[in-house]
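To start, the structure itself, in structure tokens.
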Amino acid sequence: MGHRVHWLAHVPFEDPGFIRTWSKDRGGHLDATHLYRGEPLPRINDVDALIVMGGPMNVDDTRRFPWLTAETRFVAQCIEAGKPVLGICLGAQLIARAAGADVRPGEPEIGWHQVTPEPDDGPSNPLGPGNRPFDAFHWHGDHCQLPDGARRLASSAHCDNQAFQLSERVLALQFHLEITAAGVDRLLTHCEQDLTRAAPAIQTAAQIRGSDDQYTRAHALMLQLLDHWLPI
């Protein structure tokens, strides 16, 4: 039996996308807690690895979303227990907060923007050797600081900390390599108001929908990263 990978959902319109394909192909078991429905968090011993997905809320929106407090504590407990943890967008910010780092409003990035891996990380960087830039899908306005002891993996023109590694099995991505065309359509439906803001890194709806090649390259990189994060 494969690893039990559990993912945390913050809204009904964001899902693991390509991660489902990876888990199925690797013989893993993928399960979820839908926090916005009031579902309880799993027991840590029932989770082999944790994926924390995105959402439009801020890590400090605990008055509107009180489950964020318990979730942040759960993420910290999984890290302390040595579980593999992967955070995407809001999930990356929750890892940062769980590790004691600040999360603050920053330059919004919406659409397909270039990300550059750190040049000195070599083959140990799960995003690839050297500093070969790649296009990634973004939909965020908050940025996180690096937690103590974390290693920056990538940056961009609009965000210094696009990805970081807290330990060999704790990875945080500000961007979405797992996104599918259907997932982008759902974001455009539910978060269309974000496109009305004036910011240089907010693309048009047509640009945001991207191309088949962009999704193919993003999924190939996500496959590489997932196999590095959790060999199944």
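The values are calculated or read from the model by the stated rules, or taken from the named source; none is laboratory data. The model shown is predicted, which means the values in this text are computed figures rather than measured ones. Neighbour counts are summed over all protein chains in view; Cβ atoms, including those assigned to glycine, are modelled from backbone coordinates with ideal geometry.
Brief remarks follow.
- Residues that are assigned to a loop (DSSP other than H, G, I, E, B), within 17 Å of VAL115 (Cβ to Cβ), more than 14 Å from the chain's Cα centre (by Cα) and of a type in the set (Asp, Glu) do not occur anywhere in segment 176-189.
- The sole residue among GLY183, GLY111, GLY128, GLY106 that is touching a residue at least 40 places away in the same chain (Cβ under 8 Å), small (Gly, Ala, Ser) and closer than 17 Å to LEU223 by Cα is GLY128.
- Some residue of segment 130-143 being buried (at least 16 other Cβ atoms within 10 Å of the Cβ), in a loop (DSSP other than H, G, I, E, B) and not aliphatic (A, V, I, L, M): no
- Scan of segment 190-231 for residues that are part of a loop (DSSP other than H, G, I, E, B), of a type in the set (A, V, I, L, M) and either crowded, with 16+ Cβ neighbours inside 10 Å or in contact with an Asp or Glu (Cβ under 6 Å, 6 or more places away or on another chain) (or both), ordered by number: ALA201, LEU230
- Checklist (1) loosely packed, with under 14 Cβ neighbours inside 10 Å; (2) assigned to a strand (DSSP E or B) applied to ALA172, failing item: (1)
- Pair list, Cβ under 7 Å, 6 or more apart: segment 17-46 residue closer than 21 Å to LEU68 by Cα, other residue at pLDDT below 95 and of a type in the set (Lys, Arg): ASP31/ARG4; ASP46/ARG4
- Of the residues making up segment 199-232, those that are closer than 18 Å to HIS140 by Cα and β-branched (Val, Ile, Thr) are ILE202, THR204, ILE208.
- Leading residue by the ranking (surrounded by the fewest Cβ atoms within 10 Å (Cβ to Cβ)) among those in segment 15-53 that are closer than 18 Å to HIS3 by Cα and basic (Lys, Arg): ARG43
- Of all residues in segment 198-227, those that are in contact (Cβ under 8 Å) with a residue 40 or more places away in the chain and over 21 Å from ILE88 (Cα atoms) have Cβ atoms under 7 Å from Cβ atoms of residues that are acidic (Asp, Glu) and outside any helix (DSSP H, G or I), 6 or more apart or on another chain, in ALA199/GLU107.
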